[in-house]
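Only one structure is covered here, and it is reproduced in the block below.
The values are calculated or read from the model by the stated rules, or taken from the named source; none is laboratory data. Bear in mind that the values here come from a model prediction, so they are computed numbers and not experimental data. Every residue, glycine among them, receives a Cβ derived from its backbone with ideal geometry; neighbour counts consider all protein chains shown. These accessible areas exclude ligands, DNA and RNA; they are computed on the full protein's heavy atoms, side chains included. Shrake-Rupley method; radii C 1.70, N 1.55, O 1.52, S 1.80 Å.
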Amino acid sequence: MKISCDFLVLGSGIAGLSFALKAAGHGTVAVVTKREVTESATNYAQGGIASVFSQEDTFAAHIDDTLVAGAGICHEEVVRMVIEEGPPTIKSLIDWGVKFTTSGDSFDLTREGGHSQRRILHADDVTGREIERALVAAVRNHPNITVYENHIAIDLITEAKITRKRLKHNRCLGAYVLAIEAEKVKTFNARFTLLATGGTGKVYLYTCNPDVATGDGVAMAYRAGADIANMEFMQFHPTTLYHPHAKSFLISEAVRGEGAILRRRDGTAFMEKYHHLKDLAPRDIVARAIDSEMKTFGDDCVYLDITHREPEYIKGRFPNIYQTCLEYGLDMTTTPLPVVPAAHYLCGGVAVDRNAETNIKQLYAIGEVAFTGLHGANRLASNSLLEAAVYASLAYKHIVSELEADRPSLPIVPEWDSGTATNSDEMVIVSQNWDEIRRCMSNYVGIVRS
Ligand code: SIN
């Protein structure tokens, strides 16, 4: 089965959907997503989206915080561009219907690790869910956008692959996509293909990522010959709930932003000895400090304590975290929460330029799958949703200019051929069985001992 479209978008988080909404004004868009459309890392983002909105804040301060967190290897011109694009990007999200929490006439800005100012816009403690809700509603209402749920992209189609030639200027022509329920591989041919497939958390033993974060976007791009960069910089979030029945539940950095303190089992606060910003040090420093405390004292976890704040404030500010912890028998208004670090965010990925274009023509990458240079060795908290939305807009603008210069014809591509792949290998790739991927690729790579 063949499906033709102008824009093929792989992934349905903030990156893919905000690009789709912009591009749909210029042609047909197919959004391919592994499960239901809302199942993306965006949907689980709690903290928020960082941008300069307060009178006390400046672009220079946000830029500086990003460079410091990135440990000296951010690309400064990219950092400047993304941060300066923050306010108009937030406005586009609001125009699509996203409702951020306000306080009086202004946004209620929170703080997270590594930020010198309150600059995180949020929707209570479910910011990603609110963004996803609004974008999905807008996408569903757009006549030019078709969403293919329960479809997994399994391989990119390139000119080099089809012609079996080494080409100096390779082009992407679409992707082969498995329709999971029908058990059929469909051929999508597209003028432009956009990878927005998210990260790789599920190759680690401990992660707060959803099951869809299997790294297949990076793998497909690599097989197609795209440049990949900085894959060694996997960010560990300091505070994932440590509970035998809690799968991947994140306790947002915003909890520390609102005063929570990390303590050892005996109640000792320990961040002071690691960094002058204590519990609000950049994320990598806090995660390593926790790891070090656990190893030194032989403990399975540390404790996040916000019990000194008013119970009504905690319930109002963190309704989702409060309720979820309560379901696990933990009342965070009276009990410090047991937490451990877990794999959270891939700072590297498919290398792109400032238009989000890869080294393969007509192939773009945005969001966690991409390496833009913004994050360096360690992403500043809440810069990820910002980067995804800014680069969706940059990709869109570049593609429109390409279309105006020379509209590439719709490529003719052959149907999927399983070739010589053996069944079992194929099943590992095709079924996205993360247990299997984890065993094969990265068992015991987690920061926490098993
Ligand atoms: C969090 O809420 O702590 C996660 C925010 C982020 O990853 O930027």
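A search for C-beta distances below 7 Å between a residue of region 231-257 that is farther than 20 Å from Thr335 by Cβ and any residue that is near the ligand (Cβ under 8 Å from one of its atoms) and in a strand (DSSP E or B), counting only pairs 6+ apart in sequence or on different chains, returns Gln235/His344; Gln235/Tyr345; Phe236/His344; His237/Leu250; His237/His344.
Screening Lys91 on (1) surrounded by 16 or more Cβ atoms within 10 Å (Cβ to Cβ); (2) outside any loop (DSSP other than H, G, I, E, B) shows it passes everything except condition (1).
Quick one: count up the residues across region 297-315 that are assigned to a helix (DSSP H, G or I), over 18 Å from Tyr242 (Cα atoms) and open to solvent by 50 Å² or more (accessible area, probe 1.4 Å). Counting residues in region 297-315 that are assigned to a helix (DSSP H, G or I), over 18 Å from Tyr242 (Cα atoms) and open to solvent by 50 Å² or more (accessible area, probe 1.4 Å) gives 4. If you go through region 34-51 and keep only what is touching a strand residue (DSSP E or B) at 6+ places or on another chain (Cβ under 7 Å) and open to solvent by less than 20 Å² (accessible area, probe 1.4 Å), you end up with Val37, Gln46, Gly47, Gly48, Ile49, Ala50, Ser51.
Any idea which residue in region 227-245 is surrounded by the fewest Cβ atoms within 10 Å (Cβ to Cβ), counting only those that are of a type in the set (S, T, N, Q) and within 12 Å of the ligand (Cβ to nearest atom)? Selected residue: Gln235.
Taking the criterion of being within 16 Å of the ligand (Cβ to nearest atom), out of contact with any Leu (no Cβ under 8 Å at 6 or more places or on another chain) and without any contact (Cβ under 8 Å) to a residue 12 or more places away in the chain, would at least one residue in region 368-376 satisfy it? Within region 368-376, not a single residue is within 16 Å of the ligand (Cβ to nearest atom), out of contact with any Leu (no Cβ under 8 Å at 6 or more places or on another chain) and without any contact (Cβ under 8 Å) to a residue 12 or more places away in the chain.
Tell me, yes or no, whether region 212-226 has at least one residue that is within 16 Å of the ligand (Cβ to nearest atom) and either within 24 Å of the chain's Cα centre (by Cα) or open to solvent by less than 20 Å² (accessible area, probe 1.4 Å) (or both). I'd like the intermediate steps shown before the answer.
In the first step, residues of region 212-226 are kept if they are within 16 Å of the ligand (Cβ to nearest atom); the result is 213.
Among the residues that remain, those that are also either within 24 Å of the chain's Cα centre (by Cα) or open to solvent by less than 20 Å² (accessible area, probe 1.4 Å) (or both) are: 213.
Yes, region 212-226 contains a residue that is within 16 Å of the ligand (Cβ to nearest atom) and either within 24 Å of the chain's Cα centre (by Cα) or open to solvent by less than 20 Å² (accessible area, probe 1.4 Å) (or both).
Of the residues making up region 1-33, those that are open to solvent by 30 Å² or more (accessible area, probe 1.4 Å) and either touching a Lys or Arg at 6+ places or on another chain (Cβ under 6 Å) or within 25 Å of Ser382 (Cα to Cα) (or both) are Met1, Lys22.
Within region 115-138, which residues are part of a helix (DSSP H, G or I), surrounded by fewer than 24 Cβ atoms within 10 Å (Cβ to Cβ) and within 19 Å of the chain's Cα centre (by Cα)? First the steps, then the outcome.
Of all residues in region 115-138, those part of a helix (DSSP H, G or I) come to 127-138.
Keeping just the survivors that are surrounded by fewer than 24 Cβ atoms within 10 Å (Cβ to Cβ) gives 129-130, 133-134, 136-138.
Matches in region 115-138: Arg129, Glu130, Arg133, Ala134, Val136.
Find the residue count for region 19-71, including only residues that are farther than 30 Å from Glu181 by Cα and either more than 16 Å from the ligand (Cβ to nearest atom) or β-branched (Val, Ile, Thr) (or both).
Of all residues in region 19-71, those farther than 30 Å from Glu181 by Cα come to 25-26, 46-71.
Right, trim to either more than 16 Å from the ligand (Cβ to nearest atom) or β-branched (Val, Ile, Thr) (or both) and you get 25-26, 49, 52-61, 63-64, 66-68, 71.
So the answer is 19.
Within region 52-84, if we keep just the residues that are over 22 Å from Gly199 (Cβ atoms) and not in a helix (DSSP H, G or I), the residue that is most open to solvent (accessible area, probe 1.4 Å) turns out to be Gln55. Per the conditions (1) modelled with pLDDT of 95 or more; (2) part of a loop (DSSP other than H, G, I, E, B), the sole criterion not satisfied by Lys168 is (1). Scanning region 110-139 for residues that are among the charged types (D, E, K, R) and more than 15 Å from Leu385 (Cα to Cα), we see that the one that is farthest from the ligand (Cβ to nearest atom) is Arg118. Pairs needed: first member in region 198-226, at pLDDT 95 or above; second member anywhere, open to solvent by less than 20 Å² (accessible area, probe 1.4 Å) and aromatic (Phe, Trp, Tyr); C-beta distance under 7 Å; at least 6 residues apart or different chains. Once the first residue is at pLDDT 95 or above and sits in region 198-226, its partners that are open to solvent by less than 20 Å² (accessible area, probe 1.4 Å) and aromatic (Phe, Trp, Tyr) give Gly199/Tyr345. Taken over region 1-18, residues that are within 30 Å of Ile251 (Cβ to Cβ) and away from the ligand (no atom under 16 Å from the Cβ) amount to 5.
Could you pull out every one of the strands (runs of 3 or more DSSP E) wholly within region 332-416 that has 1 or more residues that are of a type in the set (Ser, Thr, Tyr) and crowded, with 24+ Cβ neighbours inside 10 Å?
In region 332-416, 337-346, 363-365 are the strands (runs of 3 or more DSSP E) which contain 1 or more residues that are of a type in the set (Ser, Thr, Tyr) and crowded, with 24+ Cβ neighbours inside 10 Å.
Counting only residues that are under 24 Å from the mean Cα position of the chain (by Cα) and away from the ligand (no atom under 13 Å from the Cβ), which one in region 246-263 is most open to solvent (accessible area, probe 1.4 Å)? Checked region 246-263; the qualifying residue most open to solvent (accessible area, probe 1.4 Å) is Lys247.
Which of the residues belonging to region 94-105 are farther than 28 Å from Met271 by Cβ and either open to solvent by 70 Å² or more (accessible area, probe 1.4 Å) or without any contact (Cβ under 8 Å) to a residue 12 or more places away in the chain (or both)? Selection gives Ile94, Asp95, Lys99, Thr102, Gly104, Asp105. If you go through region 142-181 and pick out every residue that is more than 21 Å from Lys361 (Cβ to Cβ), open to solvent by 40 Å² or more (accessible area, probe 1.4 Å) and not polar (S, T, N, Q), you end up with 6.
Report yes if His142 is modelled with pLDDT under 95 and in a loop (DSSP other than H, G, I, E, B), otherwise no.
On the way: modelled with pLDDT under 95: no; in a loop (DSSP other than H, G, I, E, B): yes.
Judged against the criteria, His142 is not a match.
For Glu293, the conditions (1) surrounded by fewer than 19 Cβ atoms within 10 Å (Cβ to Cβ); (2) of a type outside the set (A, V, I, L, M, F, W, C); (3) farther than 27 Å from Asn43 by Cα all hold with the exception of (1).
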